[in-house]
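Asker: Take this structure first; my questions come after.
The values are calculated or read from the model by the stated rules, or taken from the named source; none is laboratory data. This is a predicted model, so every value here is computed, not measured. Cβ placement follows ideal geometry from the backbone for every residue including glycine, while neighbour counts extend to all protein chains displayed.
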Amino acid sequence: MGLFGNGLARTRQSIFGRIAQLVGNTEIENDTWDDIESVLVQADVGVNTTRKIIEDMRARIRREGITQASEVLRILKESLRSFLDSPPQPNITGRPLSVILIVGVNGSGKTTSIAKLAFRYSGVGHNVMLAAGDTFRAAAIDQLKMWGERVEVPVIANQPGADPAAVTFDAINAAKARNCDLLIIDTAGRLHTNYNLMEELAKVRNVIRKSIPDAPHEVWLVLDGTTGQNALQQAEKFREMVDVTGVIVTKLDGSAKGGMIFSIINDLKLPIQFVGLGEGLRNMVPFDPDLYVASLFEDTEA
């Protein structure tokens, strides 16, 4: 069993394994549908998306005249897959310097995700630089520097409390001077001061656009997969502040609520670019809907 299968073990065992038992061991009755709906909601699939999945399943079963439990399980998997989109290719090629702005609350795994992105993209030939734009926390600056050394990627940083827009400006100039083709910028994540954070993000974005008019080319929001619906509320707030283009879901291996993937795609209408399935540098991988759905059930080899 690969990264997806191992990483989604908790969600599979506590949530979707129960659904497989519900449709596999009994005749499908109204109570069964209620039970399936309840389990999906518990998995943070989201109320609206859960209802759509149930309606889709019931329509397919009627249409195909299905009575066997094994076929019901197939319909469940097909229905779940139909509610997921594959992410678009990241917009980080075809120009001298591409910029990815990373946003998210403190503690979501933002800094570690940046390091994993740097490791992934430098490994496929990108000349990557990082910018320590979360100047509010000294620990964030030190952590990014440490990761930069570990993955052998340069980090542009300043003192704690420095202006994040100034750090961003320095990083863009440094990236151009060193012929880097990808700059990944960390930002602060203090949601309890929404107005200040919004102003700070706006300043950073304006500095980027003055130097590179069509940048940032991607704005990725990092969400902690263990926080379920709270993460979705965070996403709504960040979308009000900045034009989010994609999502990175971290810590799915530590969560029994991996169903939040459905809510992000269906309720927020945002693509999921990467998912974190473990602590290792290689354990943050591009989101694959087929592997994801297969890994929610026991019979997967994903």
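Asker: Under 7 Å by Cβ, and 6 or more places apart or on different chains, what pairs join a residue from the stretch 1-13 that is touching a residue at least 60 places away in the same chain (Cβ under 8 Å) with one that is surrounded by 20 or more Cβ atoms within 10 Å (Cβ to Cβ) and aromatic (Phe, Trp, Tyr)?
Answerer: PHE4/TYR292
Asker: Mind checking which pairs have a first residue in the stretch 59-86 that is over 22 Å from ASP290 (Cβ atoms) and without any contact (Cβ under 8 Å) to a residue 40 or more places away in the chain and a second that is aromatic (Phe, Trp, Tyr) and outside any loop (DSSP other than H, G, I, E, B), Cβ under 9 Å, 6 or more apart or different chains?
Answerer: Matching pairs, first to second residue: none at all.
Asker: Kindly state which helices (runs of 4 or more DSSP H) lie completely within the stretch 1-63 and contain at least 1 residues that are under 24 Å from the mean Cα position of the chain (by Cα) and modelled with pLDDT of 85 or more.
Answerer: The helices (runs of 4 or more DSSP H) meeting that bar are 30-42.
Asker: Further question on the same structure: Test each condition in (1) within 14 Å of the chain's Cα centre (by Cα); (2) closer than 26 Å to ARG51 by Cα for LEU296 and report the one that comes out false.
Answerer: Only one criterion is unmet by LEU296, namely (1).
Asker: Restricting attention to the stretch 165-195, report how many residues are outside any strand (DSSP E or B) and more than 19 Å from GLY107 (Cα to Cα).
Answerer: Residues meeting the conditions: 18.
Asker: Quick check on the stretch 203-222: of everything there that is without any contact (Cβ under 8 Å) to a residue 24 or more places away in the chain and assigned to a helix (DSSP H, G or I), which residue is nearest to the chain's Cα centre (by Cα)?
Answerer: The selected residue is ARG209.
Asker: Ok, one more. Quick test for you: out of GLY107, GLY94, GLY133, pick the one residue that is assigned to a loop (DSSP other than H, G, I, E, B) and crowded, with 23+ Cβ neighbours inside 10 Å.
Answerer: GLY133
Asker: Could I ask something else about it? Which residue, of ASP142, ASP85, is under 25 Å from THR226 (Cβ atoms), in contact with a strand residue (DSSP E or B) (Cβ under 9 Å, 6 or more places away or on another chain) and loosely packed, with under 15 Cβ neighbours inside 10 Å?
Answerer: Criteria check complete, one pass: ASP85.
Asker: Here's something else I'd like to know. Of the residues in the stretch 117-130, how many are surrounded by fewer than 24 Cβ atoms within 10 Å (Cβ to Cβ) and either part of a helix (DSSP H, G or I) or of a type in the set (Phe, Trp, Tyr) (or both)?
Answerer: 5
Asker: Something else: Just one of (1) surrounded by fewer than 22 Cβ atoms within 10 Å (Cβ to Cβ); (2) polar (S, T, N, Q); (3) modelled with pLDDT under 95 trips up SER263, so point out which.
Answerer: For SER263, the exception is condition (1).
Asker: Please go through the stretch 254-278 and pick out each residue that is in contact (Cβ under 8 Å) with a residue 40 or more places away in the chain and either more than 13 Å from the chain's Cα centre (by Cα) or over 22 Å from GLN42 (Cβ atoms) (or both).
Answerer: Across the stretch 254-278, the qualifying residues are GLY254, SER255, ALA256, LYS257, ASN266, ASP267, LEU270, PRO271, GLN273, PHE274, GLY278.
Asker: Quick one: GLU152 ticks every box in (1) surrounded by 13 or more Cβ atoms within 10 Å (Cβ to Cβ); (2) within 18 Å of ALA115 (Cα to Cα) except a single one, so which number is it?
Answerer: GLU152 satisfies all of (1) surrounded by 13 or more Cβ atoms within 10 Å (Cβ to Cβ); (2) within 18 Å of ALA115 (Cα to Cα) except (1).
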